[in-house]
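Following: one structure in structure tokens, then a few remarks.
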Amino acid sequence: MSKATEKIEYVSYLDHQSKYKGIFAWIFATDHKRIGLLYMYAIAAFFVIGAFLGLAMRIELIAPGETIMKPQTYNGIFTVHGIIMIFMVVIPGLSAVFGNFFLPILIGAKDVAFPKLNRFSWWIFMVGSAMAVASQLLKSGPPDTGWTFYAPYSTTTGTNVIMATTAAFVLGFSSILTGLNFIVTIHQMRAPGMKFFNMPLFPWAIYATAWIQLLATPIIGITLVMLIAERLFGIGFFDPALGGDPLLYQHLFWIYSHPAVYVMILPAMGVISEIIPTFCQRKIYGYKAIALSSLAIAGVGFLVWGHHMYTSGMSENARWFFSLLTFIVAVPSAIKVFNWLATMYKGSIDMQPPFLYALEFIFLFIIGGTTGLILGSVATDVQVHDTSFVVAHFHYIIFGGMGFAFFAAIHYWLPKMYGRMYNLKRAKILSVVIFVGFNLLYFPQFIIGIQGMPRRYYDYLPQFQWAQVISTIGGFILVAGLLAMISNLIMGVRKGEIAPANPWQGSTLEWQIPSPPSLENFDEEIEIKENPYDYK
Amino acid sequence: MANNTSHTTEYKVLGRILVLLMFMTFLTISVTSFNLGAFSVTVALLIACFKAFMVLSYFMHLKYESLLLRILVGMVFVLFAVIVLITFIDYAYR
Ligand code: HEM
Ligand SMILES: [Cu+2]
């Protein structure tokens, strides 16, 4: 299956000639590594667009009243920003980019189980993204519902809701097919001798994530179809006048969308679990606990969706029950954090950019996670629901978590993916700039959120201005840092020093093969270790 | 799946299942002529579940697959049931 017996001449996957030429060698590629890069380029572009939309909102919020845009424009922008960032950046993000590129390598496989399906997934991802962009440009104007498309408003607003929801529907299929592909890959394609408990932790995280993608995404699909049907035919799923229930929409939406936040964060935790042992040169502490806690998070994560609905009129019993479950799901997340910290203890720490990002991840994730408990408890959530406290919380989790893990991953694996190294010193400085900008941007939103600054408002009372100004300054620092980081990486890819096969002394399989890898990854015999992280 | 490619279900078996499924469809329609009150939905759902079970087991080969695969599919249905149940904690007490 995965071992080539005779020695093959080494040609990197980037130099490999397929029957297609030029750009078609990419669009029609079935190589998991090329597909991973295709996702990365698309997602990076969407991320930059989304970041500029965020910055536009920040500029609007620098002073009370109208600054640079009308209220309806603001409504459109926060919706577009949310749709792009959630459906086109963070949900596919780590699993489609690094899952594609590294999952097969980490388990000793030549490719994913269904390479053509993989290529097809990227195509529909691009079609869905094009539709999402179209929904912004078409005549009736960008949707103004927020990325959550809550009924009943979404059934009546005149904006392009149908186009946007169809886009989300199509994007969902890409996610489902990727998940299916990865589950089969992990079950069927592991190298001989690689048992489940010999796998590194990133594949474990991808495995748990793939199950969520496979099982939860159809629910958002059908929900959005119901919404479209409601708009077109007035069926009455969600309209009380016709015997429907608006809360049904919220249930269905969050039955998907809460597990979806684990689609974002589980692979992020997987990345961190790879990086920490490498840069501490230490065996990961509690391998099994980390592996199984991914599955536990995925499982329990399915059952907590109601914490988004405490104030929406759900029954009293449902509220305390969801609150209880929410507190339970925090436990496996905390297990991981403690295990990472225990791994660092007495390790020989090498403070390289990936490790720096990983530390920043842990810091931000702890803030995001503990404020999540404030939102998870009914009594306190009633106070801060729909305020900027929530905006700060989910940016800490999603951006500080998934986003920083993505930055950590690209700094960790870039030498393997391209065979070149970026400027390390600049990368470290920029990582600190981004970290500072991030906290300046979002931390003040916690404070004014508690004081009552509502979410999704383009205007506010003068008493909140001090924080809004700090936030906007932070926003500029952050975006500048991000652009500089991206250009540092691009410069590394084009002109950086040639990277050795194993620049960080990592122990997992990707570091045993040349950089960049060859088309089929493993041209020589590989050694499968009992524990993937055997440093000491 | 690698370990089962050798197994092909006999057409005779598949034919019998098909007849059974058609009979169940007929049953679904005919029970609607009785007034079962609150149970009418329950009965329709039970019949539908049985049909789905047969399709999964025979047409989708689950009966001949590895235990692990059957457990995985089974857990999906358990999860689905739990989600429906939890949703009804809201509806039942609202
Ligand atoms: C580059 C920096 C970013 C800036 C400056 C930024 C800024 C903002 C602002 C000002 C809002 C609107 C708050 C409101 O009026 O309620 C917002 C909302 C939001 N942001 Fe960001 N953000 C950034 C990155 C991200 C990232 C990486 C994600 C990834 C998931 C994200 C996801 C969201 C979501 C889901 C919303 C809610 C939209 C809604 O209410 O429908 N943002 N952001
Ligand atoms: Cu949630």
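Brief remarks on what is shown
- Under the membrane-span-like helix rule (DSSP H runs whose alpha carbons stretch at least 30 Å along the helix axis, mean Kyte-Doolittle hydropathy 1.0 or higher), chain A yields A:32-60, A:161-188, A:201-233, A:246-280, A:353-376, A:424-450, A:465-495.
- Each Lys and Arg Cβ is given +1 and each Asp and Glu Cβ -1; about its Cα centre, chain A then shows a dipole of about 780 debye.
- Amide H contacts for A:Arg420 (H built 1.01 Å from N in the peptide plane; partners 5 or more residues away or on another chain; cut-off under 5 Å): A:Ala499.
- Overall form of the range B:11-92 per C-alpha gyration tensor (a/c, 1.5; a/b vs b/c): oblate
- Label-to-label distance, nm, for residues given as A:Ala25 and A:Arg426 (7 Å Cα→Cβ offset): 2.7 nm
- Only lysines eight or more places from A:Lys139 in sequence, or on another chain, were considered; those with a Cα closer than 26 Å are A:Lys70.
- Solvent accessible area, Å² - B:Asp90, 1.4 Å probe, full protein context: 0 Å²
- Solvent-accessible area assigned to carbon and sulfur over the range A:16-112 amounts to 73 percent, based on a 1.4 Å probe.
- Estimated FRET transfer efficiency when R0 is 25 angstrom, pair A:Leu324-B:Phe50 (beta carbons, to 0.05): 0.10
- Using every pair of separate Cα atoms, the Kirkwood estimate puts the hydrodynamic radius of the protein assembly as shown at 26.0 angstrom.
- Modelled this way, with points 7 Å down the Cα-to-C-beta line, the labels at B:Leu72 and A:Ala480 are 5.0 nm from one another.
- Here is the list for the range A:28-82: chymotrypsin sites (Phe, Trp or Tyr not before Pro) lying in DSSP coil, each with at most 16 other C-beta atoms within 10 angstrom of its C-beta, are A:Phe28.
- Around the amide H of A:Ala113, modelled in the peptide plane, lie the amide H atoms of A:Thr185, all under 5 Å away and 5 or more residues distant in sequence or on another chain.
- In the range A:331-411, chymotrypsin sites (Phe, Trp or Tyr not before Pro) in a DSSP loop with at most 15 other beta-carbon atoms within 10 Å: A:Tyr345
- Interface A-B: total buried accessible area of about 1500 Å², 1.4 Å probe, protein heavy atoms only.
- Think of it as helices only: each DSSP H run of n ≥ 4 in chain B is worth -39500 (n - 2.57), and spread over all residues that comes to -23500 deg cm²/dmol at 222 nm.
- Shielding value for A:379-388 is 0, the average number of Cβ atoms from other chains within 10 Å of each residue's Cβ.
- Structure-based [θ]222 nm, chain A - -39500 (n - 2.57) summed over DSSP H runs of at least 4, per residue, nearest 500: -21000 deg cm²/dmol
- Loop-resident sites, the range A:136-201, for trypsin sites (Lys or Arg not before Pro), counting at most 13 other Cβ within 10 Å (DSSP): A:Lys139, A:Lys195
The values are calculated or read from the model by the stated rules, or taken from the named source; none is laboratory data. Just so it is clear, the structure is predicted and the values come from calculations on it, not from any experiment. All Cβ positions, glycine included, derive from the backbone under ideal geometry; neighbour counts span all protein chains shown. Ligands, DNA and RNA are stripped out before the accessible areas are found, and what is left, the full protein with its side chains, is counted by its heavy atoms. Shrake-Rupley method; radii C 1.70, N 1.55, O 1.52, S 1.80 Å.
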